[in-house]
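Accompanying notes for the structure given below.
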Amino acid sequence: SVMAACTRNPDVLPPEQLAPLAYRSSAAPSLKLYTVVNRRTNSGAHTALAVNGSETVLFDPAGGFEAQDIVRSGDVIYGFSPAVDRAFTSAHARTEFLVTTQTIPVSPQVAEMALQMVKANGPVAAAHCAASTSSILKSLPGFESIEQTYYPKKLEEQLVNFPGVQGQTYLEND
């Protein structure tokens, strides 16, 4: 079963093992923030960030997402294709949780910076998923207004009025 809670993912694979797994999307460069929300308390349970640049990865800091053929190096999931995206979203959208996503178009340069940063970040401590994600975002050009926070919902709220942001909510029942 999949836990929405933040755990530690220390195993980091060598780049040559990861290179062949790269998924390259034809979509425009973007950042996509995932917020897992407890439907009972409306509090944020987890934060993750997909980066679509020269390849598409998911920064899933201290995340517990595992599935067949998913390759995770530290807190980065490689080969983040639309099918893996759906599996990730579905794994977290449960009776007690919903998932919101916010997709923000960025320049290719910002997408590459974000890619390098999530890959270089290293394993995130438990319960630091929003803190690490907000820290990365705020250091990107155009995202300087982001305030670092430990609360997934507070991070989500900061992106609501971003230029070009597209929000979606996923609900599933077990």
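The values are calculated or read from the model by the stated rules, or taken from the named source; none is laboratory data. Fair warning: this is a prediction, and the values are worked out from it, not measured in the lab. For neighbour counting, all protein chains shown are included, and Cβ atoms are generated from backbone atoms with ideal geometry for every residue, glycine included. For accessibility, only protein heavy atoms count, side chains too; no ligands or nucleic acids. Shrake-Rupley method; radii C 1.70, N 1.55, O 1.52, S 1.80 Å.
None of A48, A87, A67 is within 15 Å of the chain's Cα centre (by Cα) and more than 19 Å from Q116 (Cα to Cα) except A87.
Selection within region 12-23: residues that are open to solvent by 40 Å² or more (accessible area, probe 1.4 Å) and in contact with a strand residue (DSSP E or B) (Cβ under 7 Å, 6 or more places away or on another chain). The member of this set that is nearest to A127 (Cα to Cα) is V12.
Of S54, S26, all but one fail to be part of a loop (DSSP other than H, G, I, E, B) and modelled with pLDDT of 95 or more; the exception is S54.
Under the condition of being without any contact (Cβ under 8 Å) to a residue 40 or more places away in the chain and closer than 25 Å to F162 by Cα, which residue from region 26-56 is surrounded by the fewest Cβ atoms within 10 Å (Cβ to Cβ)?
If we filter region 26-56 for residues that are without any contact (Cβ under 8 Å) to a residue 40 or more places away in the chain, which is where we start, we get 26-27, 41, 50, 56.
Now restrict to residues that are closer than 25 Å to F162 by Cα: 26-27, 50, 56.
On the way: S26: 5, A27: 11, A50: 24, T56: 26.
Once the filter is applied, the top-ranked residue is S26.
Where in region 57-174 are there helices (runs of 4 or more DSSP H), lying fully within it, with 3 or more residues that are touching a residue at least 24 places away in the same chain (Cβ under 8 Å) and open to solvent by 70 Å² or more (accessible area, probe 1.4 Å)?
Details: elements: 82-92, 108-120, 129-138, 152-159.
Passing ranges, in order: 108-120.
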